[in-house]
1. Using θ = phi - 60° and the Karplus form 6.51 cos²θ - 1.76 cosθ + 1.60, what ³J(HN,Hα) does each residue of region 106-115 get, whole Hz, x for Gly and Pro?
2. Using a 10 Å cut-off around each Cβ, can you sort 146, 132, 74 from fewest to most neighbouring Cβ atoms?
3. What percent antiparallel are the DSSP beta bridges of region 89-224, to the nearest 5?
4. When we measure straight from the Cα of residue 146, which aspartates and glutamates land under 13 angstrom away, once same-chain ones fewer than 8 places off are left out?
5. Just to verify a number: FRET efficiency for residue 191 and residue 156, C-beta to C-beta distance, R0 = 25 Å, to 0.05?
6. Can you sort 156, 53 from fewest to most other Cβ atoms within 10 Å of each residue's own Cβ?
7. By counting other Cβ atoms within 10 Å of each Cβ, how are 195, 84, 114 ranked from fewest to most?
8. Quick check on region 42-226: take the gyration tensor over C-alpha atoms, sort the square-rooted eigenvalues as a ≥ b ≥ c, and tell me if it's rounded (a/c under 1.5), prolate or oblate.
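Where a number appears in this text, it was derived from the coordinates with a stated rule and is not lab data. Everything numeric here is computed off the predicted structure, so don't read it as measured data. Quick reminder, even Gly has a Cβ in these numbers, built from the backbone with ideal geometry, and neighbours come from all protein chains shown.
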Amino acid sequence: MTPSVQFAERPASLAGFTEPTLTKGSRSENVLPQQETEMQSQKTVSSRIVVITASASSTSRSEKLARYVVSMLKMDYSAVDIIDLRTLPAAPLLAADPENEDISRSTGLVEDADGVVLVTPTYKGSYSGLLKVFIDLLPQYALRGKVVLPLATGGTIAHVQMLDHCLRPVLQSMWPRHVAQGCFVLDRHISVADDGQIELSDDGAPLLLQVIEQFENGLAAFGGGNRHA
């Protein structure tokens, strides 16, 4: 069975291999110009995206990755929101209090979205406790009709299958229309330049851009007005 998670690291056996240049928004050569135009139109007009960042630290690698993904998505979409789970009030979050204004706003963003991106650090071989608590307060079928992209960061390749073994089954149980191929990015591939810009290494960026593109293609095919189908 082919794993559904991409690992953003070039294998040692391919150390001398030069990957083709992958630009943001590139498409397969077999996509006709008319299809490309239709896909771009549907993306920019009808798709709403929410990015959920599930780190407890504002300086973590997963937080940086989430900001990087947001900047990429905003190149193509006008409606991209972000939910920083660490900023939600702890007591209402743990109590799953739907009356709390911040909790209600966050769950509303998920409800209204066509696409949901989840970015989590890896803790003890699984996704973060913050993400677990937030998922628990969502309705059982909160992802119904949506396209979902799971992303994770971690310090070791030993946890590369975390997305498939831990997070993906939970997401699938919430009735998404499509869960795109995920990507696990090593911490060492994420850095911040002197000007504050978030950078990914040549090992980390290509596969991440590929899964973002697959997510966008899924939105063009299943998102927008079709999400409640």
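1. Working through the residues one at a time gives 5, 5, x, 4, 5, 4, 7, 7, 8, x Hz.
2. In increasing order of surrounding Cβ atoms, one gets 74, 132, 146.
3. Details: 5 of 18 bridges.
Of the beta bridges lying entirely in region 89-224, close to 30 percent run antiparallel.
4. Correct list for residue 146: 111, 112, 114, 216.
5. Working: r = 18 Å, r/R0 = 0.71.
With R0 = 25 Å, the Cβ-Cβ based efficiency is 0.90.
6. Arranged by neighbour count, lowest to highest, 156, 53 become 156, 53.
7. Placing the least packed residue first, the sequence is 195, 84, 114.
8. Values: a/c = 1.40, a/b = 1.13, b/c = 1.24.
Rounded, since a/c falls under 1.5.
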